[in-house]
1. Out of segment 104-160, which trypsin sites (Lys or Arg not before Pro) are coil in DSSP terms and have no more than 15 other C-beta atoms within 10 Å?
2. Using a 1.4 Å probe over the heavy atoms of the protein chains, calculate the carbon and sulfur portion of the accessible area of the chain as a whole percent.
3. Below 22 Å, Cα to Cα, which lysines can K178 reach? Residues fewer than 8 away in the same chain don't count.
4. Computed from these coordinates, which is Rg and Dmax of the Cα atoms in Å: (i) 22.8, 74; (ii) 16.6, 53; (iii) 17.6, 63?
5. For the Cα atoms of the chain, what angle does the longest principal axis make with the long axis of helix 92-101, in degrees from 0 to 90, nearest 10?
6. Counting helices only, and only those DSSP H runs with n ≥ 4, report the 222 nm mean residue ellipticity of the chain as the sum of -39,500 (n - 2.57) divided by its residues, in deg cm²/dmol to the nearest 500.
7. Multiply the residue gap between K188 and A14 by 0.36 nm, knock off their C-alpha separation, and tell me the result in nm, one decimal place.
8. Give me the 1.4 Å probe accessible area per residue for segment 127-184, excluding ligands and nucleic acids, in Å².
Amino acid sequence: MQPKKILILDGHPAESSLSRTFAETYRDAARKNGHDVRLVHLSDLQFDFDFGQGNYHDFKPLEPVLEQVLQDFEWSDHLVLTTPMWWGGLPAKLKGLIDRMFIPGRTFDTRNTTKIGFPAPMLTGRTARVILTSDTPGWFMRLIYRQALIRQVRDQILGFVGFKPTRFTYFSGASYPKPGSVDRWVEKVSRIGAAAV
């Protein structure tokens, strides 16, 4: 297997979390198998995550930490995002990072469009893995919520800027996991990291 350039974004705003555990587990397994890995913890980043009154013609300049993360996205050929689902969506700080960082001219091109009229994605040729934790049972996520967050992240966020395919690993019961669950989850993430998928 040819070594990959892997960016891991721990998208949990707290310093200690399952998301961080999974991010570091994936990193260790991928590095052990010869991949070039960069790991970013959202909790370490200080930036204004309110897009505010800006628009695509007059948006806030990126803080140096956001510029570096965006450069990491551009450097990578595989993204791993670890995040919880909160209130059916992404944590506010993670969504703020996306709102601020995914800007025209860097991640999508509003001057050129796809065949169906969307702005052309600028981060094509990259793949992604999202490791998502929640308290929502998997069957409920599929049948009742219709995997709304998964579809949003896959199609309207990562797919919009070019990451395809985006694969998902979903762990439910994350707030109060049953005995042995976390060990099994970590083992699964380690296998995924070793395969760099």
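1. Taking segment 104-160 and a limit of 15 other Cβ atoms within 10 Å, the loop trypsin sites (Lys or Arg not before Pro) found are K115, R146.
2. Working: 5370 of 10480 Å².
Carbon and sulfur atoms account for 51 percent of the accessible area of the chain.
3. Within the straight-line cut-off, K178 pairs with K188.
4. It is the one labelled (ii).
5. That works out to roughly 40 degrees.
6. Helices in the chain give a 222 nm mean residue ellipticity of -9500 deg cm²/dmol.
7. Stretched fully, the K188-A14 segment lengthens by 60.4 nm.
8. Working: 3290 Å² over 58 residues.
The answer is 57 Å² per residue.
The values are calculated or read from the model by the stated rules, or taken from the named source; none is laboratory data. Everything numeric in this text was worked out from a predicted model, so none of it was measured. As a convention, Cβ positions derive from the backbone with ideal geometry for all residues, glycine included, and neighbour counts pool all protein chains shown. Just so you know, the surface numbers come from the protein's heavy atoms only, side chains and all, with ligands and any DNA or RNA stripped out. Shrake-Rupley method; radii C 1.70, N 1.55, O 1.52, S 1.80 Å.
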